[in-house]
1. Would you check if B:Arg67 is within 14 Å of chain A (Cβ to nearest Cβ) and either in contact with a Lys or Arg (Cβ under 7 Å, 6 or more places away or on another chain) or among the charged types (D, E, K, R) (or both)?
2. Could you tell me how many of the residues in the range A:18-29 are open to solvent by 50 Å² or more (accessible area, probe 1.4 Å) and touching a Lys or Arg at 6+ places or on another chain (Cβ under 9 Å)?
3. Residue by residue through the range B:58-71, note down the ones that are under 13 Å from the mean Cα position of the chain (by Cα) and either open to solvent by less than 100 Å² (accessible area, probe 1.4 Å) or within 15 Å of A:Gly99 (Cβ to Cβ) (or both).
4. Among the candidates B:Leu111, B:Leu11, single out the residue that is touching a residue at least 60 places away in the same chain (Cβ under 8 Å), part of a strand (DSSP E or B), under 30 Å from A:Glu10 (Cα atoms) and more than 14 Å from chain A (Cβ to nearest Cβ).
5. I'm trying to understand the selection: among the residues of the range A:30-45, which are open to solvent by 80 Å² or more (accessible area, probe 1.4 Å) and either without any contact (Cβ under 8 Å) to a residue 12 or more places away in the chain or within 10 Å of chain B (Cβ to nearest Cβ) (or both)?
Amino acid sequence: AQTVTQSQPEMSVQEAETVTLSCTYDTSESDYYLFWYKQPPSRQMILVIRQEAYKQQNATENRFSVNFQKAAKSFSLKISDSQLGDAAMYFCAYTTQAGNMLTFGGGTRLMVKP
Amino acid sequence: DAGVTQSPTHLIKTRGQHVTLRCSPISGHKSVSWYQQVLGQGPQFIFQYYEKEERGRGNFPDRFSARQFPNYSSELNVNALLLGDSALYLCASSPGTGGYNEQFFGPGTRLTVL
């Protein structure tokens, strides 16, 4: 079974600084998709960024970028120029090519200090 | 365009009762998935439906059931409620199955079992 592990229950960053959230996963599949989701206190989960395992290039979306290390099964999220609105729970998630389910990690609570 | 909607927002039940949660997907989306998020944890996959057929089932007891209607809306039913069923229940819709399809989440239904 696939598992996703987030080893940092909480992280804190100063506004305008950079922070990196860690995620590792376990799978025997060669093709799959990885995601970072953000869940603000209002609860609605939104997609931040995604990575296709067959792509070697790391995904980037504005201030958000990932470091995807397929051999190490590591998928970290870097947030640059942190903003107060970035404060939320962040979940790393995995799905296979079939995509019939998302497997989530336990989450990292990110606090942004003004 | 309206996003994924869920009803009710909050629900309080007692042990042994039955509950029905409802989800309306984004217009044009044919796949609906259900997740259970216990406080302080990542979401756990319950079901996925596509074109009214069950495409995936997570590790949940038979007390949990779901169905999808011709308009692609969905219901999640839980029988014989236990205290441990208290959680945020999330619905997600996507255009189809396949890992490349982004899942869009609703705001969730908060179920409290007393």
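1. no
2. 4
3. B:Gly58, B:Phe60, B:Phe64, B:Ser65, B:Ala66, B:Gln68
4. From the options B:Leu111, B:Leu11, the qualifying one is B:Leu11.
5. Restricting attention to the range A:30-45, the residues satisfying the condition of being open to solvent by 80 Å² or more (accessible area, probe 1.4 Å) are A:41-42.
Of everything in the range A:30-45, just one residue is open to solvent by 80 Å² or more (accessible area, probe 1.4 Å) and either without any contact (Cβ under 8 Å) to a residue 12 or more places away in the chain or within 10 Å of chain B (Cβ to nearest Cβ) (or both), namely A:Ser42.
The values are calculated or read from the model by the stated rules, or taken from the named source; none is laboratory data. Since the model is a prediction, treat every value here as computed from it, not as a measurement. Here the Cβ is made from the backbone with ideal geometry for all residues, glycine too, and neighbour counts use every protein chain on show. Calculation scope for accessible area: heavy atoms of the full protein, side chains included, ligands and nucleic acids excluded. Shrake-Rupley method; radii C 1.70, N 1.55, O 1.52, S 1.80 Å.
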